[in-house]
Amino acid sequence: GRGSGRGGGRGGGRGRGNLRTGGPGGRGATRRREEAEVKDLEARIEAEMPEAGTQDVIAHDFADLPISGYTLAGLAKAKFKRMTQIQRVAIPHGLAGRDVLGAAKTGSGKTLAFLIPVVEALYRARWSREDGLGAIVISPTRELALQIFEVLRAVAGSHFGLTAGFVTGGKPFQEEQYAMSKLNIIVCTPGRLLQHMEQTPGFDASLVKVLVLDEADRLL
């Protein structure tokens, strides 16, 4: 599904990739555990999600949501425990793969409200570096994009199979071109995204599962 919202703040950082390590036996056990978790999460989402178009609350704490252990670990490390109002209302619909249009005041937690469904959608789809670009988050300014990327790194840092990148002006374009084919999630500004679409050989967004427009009213 697609999500849109507003966010603000400051941050900094560069994209990075994480890879699973360990012997073949360890990887196999991890894969089986993840597959079992995904099956359980999909069953819970089907059973617990509110009706489309409603604002029913199914949980107040992140730990009560049908989300992966990796995401819960990232949230706990970043000391996120109890959801805000926009998170309680929006995240369940995002997890169910529905289009979401959300509006709330600055500082109300809108960034997590769309990032958690983004990360979870790719995790449940068993997305990896080899699958290419799976999610695009577009923000109107470099500063807002940086803030979003920092939150994404905190939340998704335990998802060792996913890669993410911060794609805006202010960095060498050729370096970004080289990295684009290795990224599963990009947080970007409109102008830089358009530049890659026009100038980066092999740029492919045809498989994207989730598109987020942050500050949608400004972007549109």
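The values are calculated or read from the model by the stated rules, or taken from the named source; none is laboratory data. Quick caveat: nothing in here was measured; it's all calculated off a predicted structure. Note: ideal-geometry Cβ built from the backbone for every residue, glycine included; neighbour counts use all protein chains shown.
Give all pairs with beta carbons closer than 6 Å in which a residue from region 83-112 that is surrounded by fewer than 20 Cβ atoms within 10 Å (Cβ to Cβ) meets a residue that is among the small types (Gly, Ala, Ser) and not in a loop (DSSP other than H, G, I, E, B); count only pairs at least 6 apart in sequence or on separate chains. Here the result reads Leu101/Ser4, each pair linking region 83-112 to a residue that is among the small types (Gly, Ala, Ser) and not in a loop (DSSP other than H, G, I, E, B).
The condition of being within 12 Å of the chain's Cα centre (by Cα), more than 24 Å from Arg33 (Cα to Cα) and among the hydroxyl-bearing types (Ser, Thr, Tyr) holds for only one of Thr163, Thr111, Thr168, that being Thr111.
Of all the listed residues (Glu143, Glu175), the sole one being surrounded by fewer than 19 Cβ atoms within 10 Å (Cβ to Cβ) and modelled with pLDDT under 95 is Glu175. Take Leu122 and decide whether it is buried (at least 19 other Cβ atoms within 10 Å of the Cβ) and assigned to a helix (DSSP H, G or I). Yes: the conditions hold for Leu122. Residues in region 34-71 that are assigned to a helix (DSSP H, G or I) and buried (at least 17 other Cβ atoms within 10 Å of the Cβ): Glu34, Leu41, Ile45, Phe62, Tyr70, Thr71. Looking across Gly169, Gly165, Gly191, one residue alone is in contact (Cβ under 8 Å) with a residue 12 or more places away in the chain and in a strand (DSSP E or B). It is Gly165. Evaluated against (1) within 15 Å of Gly161 (Cα to Cα); (2) not in a helix (DSSP H, G or I), Gly74 falls short on exactly one condition, (2). Among what's in region 194-220 and is under 13 Å from the mean Cα position of the chain (by Cα) and not in a loop (DSSP other than H, G, I, E, B), pick the residue that is surrounded by the fewest Cβ atoms within 10 Å (Cβ to Cβ). Out of the qualifying residues, it is Leu211. Selection within region 172-185: residues that are part of a helix (DSSP H, G or I) and charged (D, E, K, R). The member of this set that is farthest from Val208 (Cα to Cα) is Glu175. If you check Leu146 against the conditions, is it under 20 Å from Gly69 (Cα atoms), of a type outside the set (Phe, Trp, Tyr) and assigned to a helix (DSSP H, G or I)? Here the answer is no, as Leu146 does not meet what is asked.
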